[in-house]
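Take a look at the structure set out below.
Nothing in this text is a laboratory measurement; each read-out follows from the coordinates by a stated rule. Nothing here was measured: the structure is a model prediction, and the numbers come from that model. Using ideal geometry, Cβ is built from the backbone for each residue, glycine included, and neighbour counts are taken over all protein chains shown.
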Amino acid sequence: MIDLIKKLEEQVTFLQHELSQMSDELYSQQKEIINQKSEIRKLKSKIESIENNIGASNTDEDPPPPHY
């Protein structure tokens with residue numbers, strides 16, 4: 001019976017350690033996701049700005065000639 005209790009205690013200790021590692025990894029991944037979302041927002045903003053600038057510059061030009 002004592003051996004069984006020791007074995008269970010070892011398993012609990014092992015699982016607690018694994019859970020702690022998984023929790024740390026999850027935290028790290030969540031921070032990475034937050035950073036990536038921020039970068040995506042910045043890139044979207046830059047793309048919209050570029051598209052707006054291209055659209056504004058195209059209206060000042062003459063229309064393209066008709067194709068035959």
| field | Descending Cα extents along the principal axes, the chain, whole Å | value | 93, 27, 8
| request: Work from the charge dipole of the chain (Cβ charges, +1 for Lys and Arg, -1 for Asp and Glu, about the Cα centre) and give the residue of Q16, N53, Q29 farthest towards its positive end. | output: Q16
| Where does the charge balance sit around T13 when Lys and Arg score +1, Asp and Glu -1, over other residues with C-beta under 12 Å from its C-beta? | -1
